[in-house]
Each structure stands twice: as structure tokens, then as C-alpha cells.
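Working notes for the structure below.
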Amino acid sequence: MNILEIKNLHVSVLNKPILRGLDLSLKEGEVHAIMGPNGSGKSTLANILVGRGDYHMTAGAILYHGEDLLVRTPEERARAGIFLAFQNPVEIPGVNNVQLLKEAFNAHRKYGQLPEMDAMSFRTYLQDRTKQLGLSDDWLFRPINVGFSGGEKKRNELLQMLVLEPQLAILDEIDSGLDIDALTDVANGVNALRHHRRSMLLITHYPRLLEQVHPDKVHVLIGGRLVATGGMELAVRLEEQGYGWLSEVAA
Amino acid sequence: MEAPNAVNSAMSQSYKHGFVTSIPSDTIPAGLDEGVIRLLSAKKREPEFMLEWRMAAYRHWQGMKEPHWSSVRYPSIDYQNISYYSSPFANDQAPIALKDVDPKLLATYERLGIPLSERLSLAGVAVDAVFDSVSVATTHKKRLAQLGIVFCSMSEAVREHSALVRRYLGSVVPPGDNFFAALNAAVFSDGTFCYIPPGVHCPMELSTYFRINAAETGQFERTLIIADQNSFVSYLEGCTAPQRDRHQLHAAVVELIAMEGAEISYSTVQNWYPGDAEGRGGIYNFVTKRGECRGDRSRISWTQVETGSAITWKYPSVVLRGEGAFGRFHSVALTNHHQQADTGTKMIHIGKNTHSTILSKGISAGHGNNAYRGLVKVLAGASGARNHSQCDSLLLGQECSAHTYPYIEVKNQSSKVEHEATTSRISEEQLFYCQQRGLSREQAVSLIVNGFCQEVLRELPMEFSVEARKLLEVNLEGSVG
Ligand SMILES: Nc1ncnc2c1ncn2[C@@H]1O[C@H](COP(=O)(O)OP(=O)(O)O)[C@@H](O)[C@H]1O
Ligand SMILES: [Mg+2]
């Protein structure tokens with residue numbers, strides 16, 4: 001069963017066409033990597049999936065669990081299991097991590113017609129997950145992303161993902177701006193999140209992360225279309241030769 | 001401890017206290033002259049000194065001009081078109097026992113979430129309920145009396161505790177202090193009186209609940225709280241009014257007096273009817289609130305959450321007279337739609353080593369206009385005085401505004417006064433981030449707003465803090481698309 005099916009997707013941002021006929025199918029439990037040079041439309045793909053304003057589909061279709069995704073509000077998509085780890089997570093002063101996590105978690109529970117988790121159990125639930133990511137307890141009481149380093153922001157995205165347990169996780173450059181140690185931590189986090197019921201789209205333009213995560217498929221996005229699909233050998237070739245050899249295909 | 005529930009916890013949507021109680025009332029026809037004041041004083045069976053005090057204030061008021069220095073804008077008020085007295089009881093005779101109170105009145109308070117019967121009301125809170133011009137019932141009086149605490153309506157205090165009233169009334173806010181205070185002194189109808197004897201730590205929260213019911217009446221209540229040496233009291237004030245499309249005037253005066261080593265903590269959750277989304281109707285809330293730290297090491301703190309009223313114009317202040325006295329002002333003011341708020345505080349440092357802190361959180365949405373106006377004044381004798389002020393503004397949308405007017409006057413070189421201010425706007429990016437985590441836009445705004453003012457909300461007694469959060473949520477409705 002395809003959890004996500006994208007057919008002939010055309011997306012414009014402020015009337016500028018960015019995605020120009022993208023096709024992609026993702027099965028339950030699969031991890032696909034989307035690679036591509038800067039400006040090729042990777043974040044645009046992530047943004048249209050989560051319903052960000054300013055991104056408009058001009059042709060094509062996106063099905064999530066076989067149903068039209070774009071008729072749903074961003075929060076409905078989130079509650080239905082779509083999670084985006086943002087490339088640049090925004091700071092929210094005054095609101096600490098626990099507060100957002102609690103609201104978000106309960107919104108998900110409510111959607112699933114489950115009762116709210118009591119405060120004590122939720123606290124334990126959170127502590128299990130901060131521990132798993134090697135985060136200190138006071139992490140939860142820091143205001144969201146305020147003054148976080150690049151690596152801290154990425155880890156915070158992973159924490160939110162671990163708490164919300166999405167069915168479709170889109171990780172937009174979760175590896176960018178990280179040193180080698182931080183990268184390994186993040187890769188371990190991503191691996192910990194792999195699950196036969198959870199699908200992932202890993203957006204990146206470096207193969208480094210993929211070497212540690214081993215995706216099921218690697219796609220290359222250039223000029224608004226997927227121009228190549230393969231396995232790890234494709235990522236390795238991109239590492240060695242760059243994107244140049246694919247540009248002719250894209251043109 | 002559970003709620004006096006100044007405003008009911010089942011709060012759902014928009015202004016839910018807008019209902020009217022249909023009850024016969026004894027109302028003096030609109031208009032103001034010396035005859036009206038005599039009549040009012042006679043109805044309240046006041047001693048002679050009170051009538052004289054009112055008359056002096058009235059004559060003073062006649063020579064005064066309505067102030068227009070604040071940033072709020074409103075059409076001029078016709079003071080002859082207001083009724084200065086409305087009572088649900090004939091001849092101001094509030095029933096002696098609760099069982100004699102009109103069930104409709106009790107039902108009104110039940111509906112507002114404030115059970116007046118002591119059996120029903122929850123242990124930790126004593127309530128004085130003011131309905132239009134008159135105090136309806138004061139609960140837990142006996143228990144407090146055993147400790148020597150006087151907690152009763154102002155009318156009763158004028159009759160039964162006239163020595164205390166004569167000594168303290170107007171000693172912090174003199175009748176001629178300002179236009180609205182003078183008007184209040186002339187026509188004040190009821191309010192709460194509270195005296196805590198030396199060394200007594202008041203065992204429960206004292207609370208007044210104000211309700212404007214009658215149309216075309218003003219509410220001019222007067223509250224006087226005295227904490228004698230080394231005593232402590234925590235006091236809560238809540239208010240609502242029916243939804244009417246004409247503006248109604250509310251001009252209250254609150255005076256607090258803290259003697260040596262005493263502490264008064266005064267919290268307000270103000271939810272007067274704010275008017276509709278187009279700015280029709282709503283309460284004009286023009287209030288003078290001032291506390292005096294009269295004795296050494298005395299402490300007064302004001303905590304306010306202002307979500308209601310069409311116009312709010314108030315500056316709860318502290319006069320720091322005693323050596324080592326401490327004053328605090330913590331405020332959250334929300335303006336949405338066409339609401340206007342000009343609020344802040346004055347900290348007047350007179351005594352040596354006096355400290356004060358100010359924390360103001362202003363939130364503007366819709367076409368709301370929110371101004372913080374604060375004065376920190378350090379007189380020559382106030383060596384070692386210290387003040388820290390922090391004023392933060394949060395904007396939602398493009399049409400609203402926030403302004404900060406800090407005035408600082410320092411006449412003593414050894415004092416230290418610090419002021420910080422910030423302005424921020426809730427961004428589309430922040431809202432989207434929360435939405436992507438499963439929150440609706442309303443939930444996102446409410447999360448961010450609550451985060452913005454949590455330092456102040458934390459100061460409120462638990463149940464009031466829950467109320468306040470709900471009020472903020474309800475009053476922010478419709479502020480995001
Ligand atoms: N919000 C936006 N406003 C204007 N242009 C945008 C916006 N988002 C993306 N673009 C443009 O769309 C193109 C693709 O951007 P993006 O999807 O962010 O690429 P990538 O993530 O692959 O680096 C770029 O040319 C970028 O300038
Ligand atoms: Mg990108």
C-alpha cells in the first residue's frame with residue numbers, strides 16, 4: 001500500500017513554477033532520499049505536502065493513504081500523521097518545549113479519539129524520549145528553538161517527531177550545518193525512528209547522512225523533476241561526481 | 001483551593017456574561033445635583049460626616065475638567081444622562097440573611113460561577129458581591145470576625161465602622177485627586193471594606209465580585225483595604241456586565257493601606273463587556289487604584305489581567321512611604337477589535353531603600369490600541385531606592401498598535417532605576433510551525449500569548465490564573481484568519 005502517491009505534480013510559488021511534473025510513490029515503512037542541488041525545489045516539495053501558504057499546486061495530484069491530501073488544513077495533515085522537520089525551525093520565545101509538545105500531543109490524541117494522557121504519564125513518556133536522544137531534562141523547559149545552535153534545533157525537531165510518532169516524516173536537510181559528531185547523533189536518531197509503519201522522506205544534498213541511514217531509494221531532483229532514481233550507488237556517484245552529469249538529463 | 005470562579009470555567013465562546021437579570025430595581029432617575037447626592041446618602045442611611053464628605057467632593061468635581069491626556073478616544077460623556085444609583089432592594093435594605101435574598105439574584109451569581117451560599121461556596125474564599133450599586137451578600141463574615149477581620153460592604157462599614165472609615169477613607173486617593181475620583185467620592189454607591197488587625201494573617205482569599213446589571217447606570221464603587229501592622233491579606237476582584245449596545249461608565253476608586261510590616265496582594269481579573277467586534281457598546285472603565293505602603297517594610301502588589309471593557313484607563317499605583325517598603329505591579333492587558341487600553345502604574349519612592357518592580361505585558365489584536373504609561377518617581381529622601389521596569393508588547397496582525405510611555409523622575413543620586421521594553425509580533429511562520437505540529441491557529445495564538453504572559457499569570461492564585469487563561473483565549477477569538 002502506498003502511503004504517499006504524487007502524480008505529475010506542478011507547484012508554483014508566487015506564480016513562479018518550481019516543481020514541474022514530479023512523480024513519486026512511497027510505501028509504508030520505506031525510507032526515500034531526495035537529493036538535489038540548492039534551489040532545485042526540495043523544500044518546495046516538503047512545503048506543499050504540509051500545506052504551507054504561498055505554495056500552490058497548478059496541476060497533478062497528491063494522495064495520502066489514497067485520499068486527496070490538499071483539501072485538508074495543515075493541522076489536519078499533521079494530526080493525520082504527517083510531520084515535517086523544518087530546514088529552519090522558527091524560534092517561539094516565551095513558550096517552552098513541553099508546552100508545545102503537550103498541546104501537539106493532545107491534539108493528535110484527540111484526533112485519534114484517544115483520551116488525553118495524564119500529566120505524570122506524559123512526563124515519563126517525554127523523559128524516555130529525551131533520554132533516547134541524549135538530551136538533558138532541562139531541555140524540555142527551554143523556550144522553543146530560542147538561542148539553539150543549528151545542531152540543537154535539528155535535535156529538537158527529532159524530539160518532536162519522536163513524541164508525535166508520525167506515519168510520514170519529511171526531514172528537510174536534517175543534516176545541514178552539523179559537524180561529524182552531531183551528524184552521527186542525528187543519524188542515530190533517524191535510525192531509531194525507523195519503523196515498519198513509518199515512511200520517511202529524507203531531503204538532503206549530501207550523501208553523508210545516507211551512508212549512515214541506508215535509504216530504500218535515492219531520487220535526484222533537478223529543475224523541478226525527479227531525473228534519476230536508484231539505490232545507495234546513486235548517492236555514492238553524486239558524492240564523487242556531483243550533479244553535473246545529470247544536468248543534461250534535466251534539460 | 002478551588003474557584004471563586006470570578007468567571008465561570010465552562011467559558012466557551014465570546015462574551016458569555018452578557019445576560020441581563022430581570023429584577024425590579026430601586027433606581028434614582030438619571031441626573032446629578034446636590035439633591036441626588038442627598039437622596040443617595042439618605043437611602044444608604046449614612047452618618048452626617050459622609051454626606052458632608054460627598055458634598056465637598058461634588059463641589060470640587062464641578063470645578064474640574066474631564067482629563068484627555070491619555071491615548072484613549074471616546075465621545076464625551078453626558079454626566080446628566082447617567083443614573084447614579086440602582087439597587088435590587090427597596091431603600092438599600094440588603095437582606096440580613098442569605099435565605100432572604102431574591103432567588104433571581106442568587107441565580108445570577110450562580111450563573112456567573114460564584115455561589116453565594118456559604119454551604120456551596122468553597123472554603124478558601126470569602127466573597128462580597130456587588131450588584132449595580134449595592135452589595136448583595138458578604139460570605140464567611142462570621143468566621144473572619146472571630147479573627148477581628150472586618151470584611152463587609154462599604155455601606156455597612158460607613159454605618160457600623162465609621163471610626164475606621166473616617167480615619168482612612170480618602171487618605172490615599174483624596175476626593176479631589178482627579179476628575180473621576182472626585183465624581184466617585186461624590187456618588188460612590190457601594191464596594192468593599194476590609195480591615196485586618198495587627199498580626200493577623202487572613203486565612204482565606206477575600207474577594208469582591210462586581211456586576212453591572214441595570215441599563216444606563218454607572219457603577220461607582222469604592223474599595224478600602226487596610227492591613228494593620230504585620231498582617232497579611234490577599235484580595236481578588238472580578239467583574240462582568242451585560243452585553244448592551246450603549247457604553248456604560250464604571251469609575252471606581254480602590255485604596256490600599258499597608259502599615260508597618262504588613263502585606264497586601266491585590267489581584268484583578270477584569271472582564272467587563274468589551275463591546276462588539278465593531279466597537280459598539282462596552283464598559284468605560286476609568287478607575288483610580290492606589291496603595292500606600294505607609295509603614296516600614298510594608299509590601300503592596302497589584303496583579304491585573306485586563307481583558308474586558310471598551311476602554312480601560314487605570315494606573316494601579318504604590319506610594320512607598322515606609323522605609324524598606326516594596327511595591328509591585330504585574331499586568332497583562334489585552335485589546336482586541338476596537339478595545340482601547342491606557343494602563344500602567346506609578347511607583348512613588350519616598351522612603352529610604354524602597355524597592356519596586358513593574359512587569360507589563362500588553363497584547364494587541366484586531367484594531368486594538370494598547371498603551372503602557374508608567375511613572376517611576378524617586379523623591380530626594382529616598383536614598384537607596386530601586387526600581388526595575390519591564391514592558392513587553394505583543395502584536396497580532398497589522399491594524400493594532402502598542403505604545404510605551406515610561407516617565408522617570410529621579411531626585412536622589414543613590415537610587416537605581418532600570419527600564420526595558422520590547423515589542424514583538426506573532427509571525428505567520430510561528431503559527432505555521434505550531435499548525436504543523438497539530439495545533440489550530442487559535443490554539444497556536446493562545447499558546448504563544450500564554451507563553452508571553454506566563455510570568456504574570458503565575459502570580460495569580462491558581463484558580464484565577466486558570467480563569468485568566470480562558471479569558472485571554474475567548475477574547476482573542478477571531479484575531480487570526
Ligand atoms: N517562499 C518563497 N518565495 C519565493 N521564492 C521561493 C520561495 N520558496 C522557494 N522559492 C524559490 O523556489 C526555488 C526552489 O526553492 P527550494 O524549494 O527552497 O529549493 P531547495 O530546498 O531545493 O534548495 C528557488 O528558486 C527559490 O528561490
Ligand atoms: Mg531547501
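The values are calculated or read from the model by the stated rules, or taken from the named source; none is laboratory data. Nothing here was measured: the structure is a model prediction, and the numbers come from that model. Cβ atoms come from the backbone with ideal geometry, glycine included; neighbour counts cover every protein chain shown. These area figures cover heavy atoms from the full protein model, side chains too; ligands, DNA and RNA do not enter into them. Shrake-Rupley method; radii C 1.70, N 1.55, O 1.52, S 1.80 Å.
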request  = For the stretch A:53-87, name all the residues that are within 14 Å of ligand 1 (Cβ to nearest atom) and either within 18 Å of A:Leu164 (Cβ to Cβ) or in contact with an Asp or Glu (Cβ under 9 Å, 6 or more places away or on another chain) (or both).
outcome  = A:Gly53, A:Leu84, A:Ala85, A:Phe86, A:Gln87
ask   = Which one of these is at pLDDT 95 or above, within 16 Å of ligand 1 (Cβ to nearest atom), open to solvent by 10 Å² or more (accessible area, probe 1.4 Å) and not in a helix (DSSP H, G or I): A:Ser25, A:Ser12?
value = A:Ser12
ask   = Do we have B:Lys346 as crowded, with 24+ Cβ neighbours inside 10 Å and touching a Lys or Arg at 6+ places or on another chain (Cβ under 8 Å) here?
value = no
query = So which residues in the stretch B:438-452 are at the interface with chain A (Cβ under 8 Å from one of its Cβ atoms) and either crowded, with 24+ Cβ neighbours inside 10 Å or closer than 15 Å to A:Val146 by Cβ (or both), if there are any at all?
reply = B:Gly438, B:Leu439, B:Leu447, B:Ile448, B:Gly451, B:Phe452
ask   = Residue check: is B:Thr422 farther than 24 Å from A:Ala104 by Cβ and within 14 Å of chain A (Cβ to nearest Cβ)?
value = yes
task = Residue by residue through the stretch A:166-193, note down the ones that are out of contact with any Gly (no Cβ under 8 Å at 6 or more places or on another chain), closer than 20 Å to B:Arg437 by Cα and either within 16 Å of ligand 1 (Cβ to nearest atom) or not in a helix (DSSP H, G or I) (or both).
result = A:Ala169, A:Ile170, A:Leu171, A:Asp172, A:Glu173, A:Ile174
query = Quick one: is B:Gln398 without any contact (Cβ under 8 Å) to a residue 60 or more places away in the chain and within 14 Å of chain A (Cβ to nearest Cβ)?
reply = no
note = If we take the stretch B:349-451, then strands (runs of 3 or more DSSP E) inside it with 1 or more residues that are more than 28 Å from B:Glu292 (Cβ to Cβ), of a type in the set (Gly, Ala, Ser) and modelled with pLDDT of 90 or more are B:386-395, B:416-425
key: Test result for B:Glu455, surrounded by fewer than 22 Cβ atoms within 10 Å (Cβ to Cβ), within 14 Å of chain A (Cβ to nearest Cβ) and touching a residue at least 40 places away in the same chain (Cβ under 8 Å)   = yes
task = Determine if the stretch A:117-125 includes at least one residue that is open to solvent by 10 Å² or more (accessible area, probe 1.4 Å) and within 16 Å of A:Leu193 (Cβ to Cβ).
result = yes
task = Taking the options A:Ile3, A:Ile34, A:Ile18, name whichever one is within 7 Å of ligand 1 (Cβ to nearest atom) and in a strand (DSSP E or B).
result = A:Ile18
